[in-house]
Structure formats: C-alpha cells, structure tokens
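Student: What follows is a single structure, and I will ask about it in a moment.
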C-alpha cells in the first residue's frame, strides 16, 4: 500500500524548496516552447534534458522533465489554434475547432480555454494517479493484442465523425491514410512492403511530417492568394480567461475527456493523439449542436486539449507501478530515472517514497506553471495573427518544413511533408476531409499489426476478438458508432433530398 | 661503414616519423583534436535504450575531456538511415555514429545496399546479454519445463519477441532447432510490450536484452530462464547460460547484441587513435561501469583495433549465416 | 457544385484510383509467404487497396454523373489567385532544393523575401529582403544554434565559414 505520510512529507519538502520550484518552472517553459514549435516534441525535449539534469539531485531532474512533459503536450495547442499546424500528433484535434475560432477573431479565447482545459486534464489525471495508481496497474495488464486491435478499430470508426459531409470521401481519405501506414517493414514477418528499394521507407512514413504536411501546407497555399486583412485584436484579460461559470458549464465535457485521456494513457503504447481523437468524437456525439464541430465549437478544443494532457497522468501509472513506459515520453523519463539510479516499479513506493512524492508534487506544480505561463503568453502569441500574410506565409512554410525535418533530422521527411502537403491541398480543394487520412495513418499500422498478432496468438481463430470481455465491449461500442453514423447520414441525405434537389457534395 | 650506419639510422628515423602514431614522441602533441564539439548520430528516435546509453556518454566526456558530445537522433530504416548519414559525413572525427547489431543484421539481410567495409570502428560501448524469461511464479520455473511442454503439445508455448530479424531471433531459432521443437512466435514492436504481455499472462515466454527486464527482475515479477552468452551475467547470477543447459547457441559464430561507435572511412589515423583512447578511458571509468551494472549490460574487453574488427566481423558473419539458415518468412 | 471543386475532386479521385492500382500491382508482384492459416504480409494492404480503388471509382463515377453547373466565376481574380498558388508551390519546391544542396540559411532568407513579394507585389524589394533576413536570422538562431537541429549548409561548410 502507498505510504501516504512519507509521500506527503516529501511533497512538503518539495514545495518549500525554491531551487526545485524554479527548475519545474524552467522545465515547463522549455516544454511549452518545444510543444509550440512544430516538429519539436515533448519526447525530444525530455531527451535533451537528460544530460543537463544528470548532475542534479534526482528529484530536481525529475521535476524538470515532468515540467517539460506537461508543458510539451499543452504547448502544441498554440500552433494548432493560431497557425493550423499541429506541433505534435496530440494536438491534431485542437486544429479542427481551434483554428476556425482563431479565424473568427476568437483566437485568444480558444487559447485561454486550451490552457485551462490542459490544466483540468492534467489535474484530474493527477488525482487518479495519486489515489488509484496501484489498482489501475491491472488495467494495463489486461490489455493484449485483441484489445489493442479492438481499440484501434474503435478509433478508426471515428472516421465517420470527422468525415464532414460526404462519408464516401471520408472513407476514401481514411483508407489512403491506412495505405500510407502499410509502407515499410511488415510488422510480423519483416518483409518489405512498398519500399521500392528506398532505405528511408524501410521504417515507413513517419506520422509527424505527414501530419504537418497535411495540415499546414494546404492552409498556407490557400491563404497566400491575397493580402488578407489582419483582424483587430482584443486581448484584454477578460476575453481569454474563461469565467468560473463557463468552466462549470463545460465541466461534463472536461471530466469525460479527462477520463478518456487517463484511460488511454494508462494503456501502454497508445498515446495522446488517439486519446484526443476519441475525446473529440465523444464530445461531438454528446453535444447538442454536433454540426458546429469543425467550424469553431469551443467544446472541440476543450475535449482535445483536456484529453491529451490527461494522458500525462495516465501514462505515469504503468511507469510507476510496473516499470513499463506508458508512452514515448515516459520511456525517456524512465531512462532518466535509471541514470539517476532508481528502478521505476512497484517497489519505488516502498523504497523511495521521496521520489514518488516528488513526482506527485511536480506533476501538480508543472500543471499550475503551465496554465500560468500560457495565460501570460497568450497576449504575445496572438500577435502572430497581426503579422501581414505576405510575411507570415513564407515563415509558416519554413517552420513547417523544419518541423518535418527536426523530428528525425532526416531530409526525406521534408519531401514527405511536401508531397503530402501538395496532395492535401488538392484534397481540400476537392472537398476531401483531411482528418480521416491522419486518423488512418495514426491507427492503421496499430490495427493491422494487432489483428495479425491476435491471430498468431489464437492460431488463426477469429473468435479471439469476441471471447475476451474487454475486446468484445470495445467492438460492440465501435459497431454502435458505425450504425448510428449510417443512420444519421441516411437521415440527413433524406432531409436534404426533401429540401432541395441540388445534390450533395 | 660508419656513414652507412648513420644513413641507415637516419632513414629509419624518417620512416618512423612518417608512420602514423609511432614516430617521434612529439607527434602526440601535434594532433590537436578535438577542438570543438563532436556529433554523435544515434540512428533511433529519442528515448530508446540505445539513445539513453549514448546520452550517458555526454556528461562523461564533458567531465573528463571538457568535450561536448552532441547527440543527434537520425531515425529511420531500422538504424540504416542514421548510420549511412554518419558514414557519409566528412571523415574528420567530428561526426560519429552509434551503431548496433541491428545495423549488422540489416547488412546481412541484403535487402538494402549497405556494406560493412565503409566504416572505421572506434569502440564497442555496450554488449547486452540476451535472456529468455517467463512470469515469476507461473507454470514454468525452468527452460526444460518450457521446452518439454512445447514438445508434448507443439506450438502450445506462446513466445514473444521484439522485432523480426534480430539477435534474439537468431538465438531463439538456434535454441528451438537444438531442442527440436517450435514455439508459436509472436513479434511485438518493442521489448516493453513483450514484458507487459508476459506480466499480463497473455504469452508464456519472452526474449530480449537483460536491460529491458532489469526492473521486473529486481521486483521479482519476471524470472529469467536462460542467458544467451558465454558467461553468466553478473546482474542475474542465478540464471544458467544456454551452454550449461546443453544447448549450443554459438554454432553460427559469436553473435552478440552490441552497440558500437563508428566513424566514416578515411579517418586520420592519429585522430582515430585519439578517439579510441578517449572512448577507452570513458568506458573504463567507474561511473560508466556503475551505469552498465544498472542497465544490465557489459563492456567487452577489447585490446586493439584487431580485436575490434574481429568482434564486429564475427557478429556480422553470424548474421549472414543466420539469414540463410533461418530466413524470416 | 462549384466548377473548380468538381475538377479538383475528379483529379484527387482519379489520382487515388491510379495510386491504388499501382500499389495493388506492386502488392501482387511482391513475394509474401505466411505460415499456414495466417495473414501474409500483403493480405491486409490488398484489402485496403481494393477498398480504396472501389471508393475512388465510386467518387469518380459520381463526379462525372453530376451535371456541371454554370458558375459565373469572376475569371480574372480567380485566375490571379490560382496563379499565385502555383508560383508559391514552385517557390516552395525551389526552396527545398536550395536548402538541401546549397544552404539552409541562404535559402530561407531568399524564400521568405521572394514569397512576401509574390503575395504582395506592392512591397518594396528592400523591405522584403530586410524583413526576410530578420526572420531567417531568428529561425536559424532558434533551431540551429539553440536546439542544435542540423540544417544542411553545404555551401557555408565548403567555404569554411562554419564547421
């Protein structure tokens, strides 16, 4: 059992130590910058901190890394909302509604909400972490290939929710994403697929350059056609700090998205991108006004940002209780812990309550710093929108292409971004939705490899997906989503036909 | 006669001075290396075991020589992209690559045009013993039990591995051939997934580097069954080697999971000697040894260049034969 | 449906159809074996590709069947913006080539300056160049010097300006 007294004692020590407070703050700021710049991810930020923090006491090093983690995930919202460039896969869904809001001149408001939503997500998952961590360890272990396959399947059904008006075009776009994810070494047999002798294709198309290309270039190409007129900005504090009443109004969404994010975080090897997609989909489904999603509904931003930051607390659960990383960032952090001589795992609670206490406290501290920094920063961030289009377009191209490059320092990724960006432009012009392609790209390889792995385990017996309770439950949920989407699509087509004969698009 | 001796010694001296690295004692002070930061290309994304091991060199180099090592992650192509980039850099000693057995396996598969003779070896930094393990307090407490169970009911043992054509793959294939039985193999994307599946009881045995299960071994939740190495590992001294159990897993040659530092071909021999001595000093330091013990890897004791080349060629040859004898489907 | 949108839709749908056909061709010509009863390496991609082909053909046929509507595009402004997009695309491609083979910093400076002039021809060249220089300096400072991203500089290296 957790010795709360020892941990609490350590927590008090942490809060009263100015040096550590400062380091957490610096780490958070560093993370925010990393997250906001396209192509620089929280994982990279934490990896960069390892040699820097090597000489520090373990608690300080951890504090800085946790700050970077939480800041890094939250920072992605800035470029997503203001520039239509998702800095990390986690903030893809923030783009859908955040950017339209910014276009309507409500960028500051969206950013304010993003900051608070990230904060809430982080805090709620933190509460789960400190109270339920040991009990939730069994949740991570109950997940095996059939469950992952079911989860990926469920994720793919969201294509219907992000398809916009034409479901056929949405599915086509989604299939294209899955097709891209098939490129590279086969996950089971290791044979080459569609690599055409190119070594860069061996490990497949990386998600981030594809996402950056898909989202940013079409937007820039569309925006570069005229001088444009920067909107007058109102950046009084009142306009971007959501009032307590407003926060209460969206509390259901916040709690739902936090729970989704935390659960996805607890399941190892998933990640904040999937969490945000699921939360976004659910928010849309439960909304009274689902059609406004994608055109600037603040609930979309809230769901996405809450969920992706809730993953942080969730991902720490398997790391602390089992010694298994919850996502790529926690993997780096575990490396950092090991360098400092600590073995993350259940006995950490017994042997090193000081470290556990420091982790618990630093997560909360980093969250507070993250919200504060963002609120202070918003005033400066939104100035970006007043930069004339003539200079902004070029700069955005440069930033996006560096973003493609920086993740793997591989020039091939720039070409990937460029090609998919060009295709994305044509797709946008032709009314094809981009979001399903990205979803397919993120989930396609997971779906395929887990299905095939499950079949290896069951030796070719498909019943494995339906005889395991978790897997069956997720599949049923997915079926429900598909059927309801078709029913709805059918109804809208019918309604449309009734209204006019102008045809659908 | 006197003159001849004089000339001969003069010529000998001249030759000696021209010979790299051996000449007059002053030659050591003439190479001024390194004068700036050294770039170390890690061919994987940040956060993997190799990345963390490479990053650990940074503070040690700073401390010992006041040299900055900048780690650059060039991921892609199962480490092929990054190492190719490192090897095509200017051979001035300021760009190095952190290669591993995965790169040697890639060469051996001949799927992509890569060659062994394009690199200069600086040192072998890490040798990770491979181990096969199961969940502690499960049905199986020894490798024999696992193999017997599978023999009695072929394919009943579900066996998780990470990746496809790897060191673990060769060892497990050899073991299965020696024992005359075949597990149901399930490849996962990474070792941490294998560990999770084992802990969750979804698969029976797993195989990976010792470093990947160190935490769980210390916690007592995972039981290592066998070590695929010539000697027992100091971190799991109670686990027998394959040879002790009567299985020869080195019949293809001495294959190991190693990480080594490479430089592009054509490096100035003086610079190479300097680099080698710097790395040797760092690898021999107490801090690095302590780190190795924590991570569960060993540092092979290689004397000179000969040893180094021999070591890497052995691994590569093992993979070459392995690729022929155990083709992945 | 808008005329231009219809054309773009057709282009993308046909492109997807051709792409999936090409990949299908590759898939069927790649040796892929599997232990009995299991999915082989190319099975899943084949399913996806057939799906893609089907849907792209569906979209194509539907596109061709819908009657083209007369839209009175104000041709001149439309053409002009399309022209700008084309120029921008070419500029970006040129930028990437110069970045790779000549120098990142110089390419960035030139690109931002020229791009600004393309979008707003009323700008003065000197202004474009100066502001472009400023922006690219900040970019180089942040990414290259601060975060050590190794953006290629073959020209500057061969001139011996940097290492």
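The values are calculated or read from the model by the stated rules, or taken from the named source; none is laboratory data. Here the structure is a predicted model, which is why all the values come from computation and not from measurement. Cβ: placed from backbone, ideal geometry, glycine included. Neighbour counts: every protein chain shown.
Student: Quick one: which residue in A:299, A:291 is part of a helix (DSSP H, G or I), closer than 22 Å to residue A:161 by Cα, away from every other protein chain (no Cβ under 14 Å) and free of Cβ contacts under 8 Å to residues at least 12 places away in the same chain?
Tutor: None of the other options fit; the residue is A:291.
Student: Please specify each residue of region B:50-70 satisfying the condition of being surrounded by 22 or more Cβ atoms within 10 Å (Cβ to Cβ), at the interface with another protein chain (Cβ under 8 Å from one of its Cβ atoms) and touching a strand residue (DSSP E or B) at 6+ places or on another chain (Cβ under 7 Å).
Tutor: Within region B:50-70, B:51, B:55 meet the criteria.
Student: Right, another one. Residues to consider are A:384, A:359; find the one that is within 25 Å of the chain's Cα centre (by Cα), within 14 Å of chain C (Cβ to nearest Cβ) and assigned to a helix (DSSP H, G or I).
Tutor: Exactly one of A:384, A:359 is within 25 Å of the chain's Cα centre (by Cα), within 14 Å of chain C (Cβ to nearest Cβ) and assigned to a helix (DSSP H, G or I), namely A:384.
Student: Separate question: Kindly establish whether residue B:88 is more than 30 Å from residue B:289 (Cβ to Cβ) and modelled with pLDDT of 90 or more.
Tutor: So residue B:88 does not fit the description; no.
Student: Would you mind finding the one in A:87, A:98, A:39, A:63 that is away from every other protein chain (no Cβ under 14 Å) and under 30 Å from residue A:434 (Cα atoms)?
Tutor: That would be A:98, the only listed residue that is away from every other protein chain (no Cβ under 14 Å) and under 30 Å from residue A:434 (Cα atoms).
Student: Of everything in region A:331-351, what is at the interface with chain B (Cβ under 7 Å from one of its Cβ atoms), within 20 Å of residue B:190 (Cα to Cα) and either touching a residue at least 40 places away in the same chain (Cβ under 8 Å) or part of a helix (DSSP H, G or I) (or both)? Give them in sequence order.
Tutor: Result: A:331, A:332, A:335, A:338.
Yes or no, residue by residue, for (1) within 27 Å of residue A:385 (Cα to Cα); (2) surrounded by fewer than 24 Cβ atoms within 10 Å (Cβ to Cβ); (3) within 14 Å of another protein chain (Cβ to nearest Cβ):
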site	(1), (2), (3)
A:116	yes, yes, no
A:135	no, yes, no
A:167	no, yes, yes
A:187	no, yes, yes
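Student: OK, next. Looking at region C:88-138, which of the residues that are modelled with pLDDT under 90 and under 19 Å from the mean Cα position of the chain (by Cα) is farthest from the other protein chains (Cβ to nearest Cβ)?
Tutor: C:118
Student: Looking only at region B:130-158, which residues are buried (at least 23 other Cβ atoms within 10 Å of the Cβ) and either in a strand (DSSP E or B) or outside the structural domain of residue B:201 (by TED's automatic domain parsing) (or both)?
Tutor: B:130, B:131, B:132, B:133, B:134
Student: Please work out which residue is modelled with the lowest pLDDT, limiting yourself to region B:29-49 and to residues that are within 8 Å of another protein chain (Cβ to nearest Cβ), assigned to a loop (DSSP other than H, G, I, E, B) and under 21 Å from residue B:87 (Cα atoms).
Tutor: Per the criteria, the residue is B:46.
Student: Which ones in region C:37-65 are at the interface with chain A (Cβ under 8 Å from one of its Cβ atoms) and either exposed (fewer than 14 other Cβ atoms within 10 Å of the Cβ) or assigned to a helix (DSSP H, G or I) (or both)?
Tutor: Residues satisfying the conditions are C:37, C:44, C:45, C:48, C:49, C:51, C:52, C:55, C:56, C:58, C:59, C:62.
Student: Show the residue pairs that are 6+ apart or on different chains and have beta-carbon atoms under 9 Å apart, the first residue being within region B:174-198 and under 22 Å from residue B:217 (Cα atoms) and more than 10 Å from every other protein chain (Cβ to nearest Cβ), the second being modelled with pLDDT of 90 or more and in a loop (DSSP other than H, G, I, E, B).
Tutor: Taking only residues 6 or more apart or on different chains, the pairs are B:194/B:203.
Student: So, residue B:99, is that one away from chain A (no Cβ under 12 Å), crowded, with 21+ Cβ neighbours inside 10 Å and either modelled with pLDDT of 90 or more or closer than 20 Å to residue B:327 by Cα (or both) or not?
Tutor: yes
Student: Inspect region B:204-211 for any residue being free of Cβ contacts under 8 Å to residues at least 40 places away in the same chain and assigned to a loop (DSSP other than H, G, I, E, B) and give the result as yes or no.
Tutor: For region B:204-211, residues free of Cβ contacts under 8 Å to residues at least 40 places away in the same chain and assigned to a loop (DSSP other than H, G, I, E, B): absent.
Student: Considering each of A:11, A:77 in turn, give the residue that is surrounded by fewer than 24 Cβ atoms within 10 Å (Cβ to Cβ) and assigned to a helix (DSSP H, G or I).
Tutor: Going through A:11, A:77 in turn, the sole match is A:11.
Student: Just one of the numbered conditions (1) over 21 Å from residue C:130 (Cβ atoms); (2) modelled with pLDDT of 85 or more; (3) surrounded by 12 or more Cβ atoms within 10 Å (Cβ to Cβ) is not true of residue C:82; which one?
Tutor: All conditions pass for residue C:82, except number (2).
Student: Kindly evaluate residue C:17 against the criterion of being more than 24 Å from residue A:432 (Cβ to Cβ), more than 7 Å from chain A (Cβ to nearest Cβ) and at pLDDT 95 or above.
Tutor: No, not satisfied.
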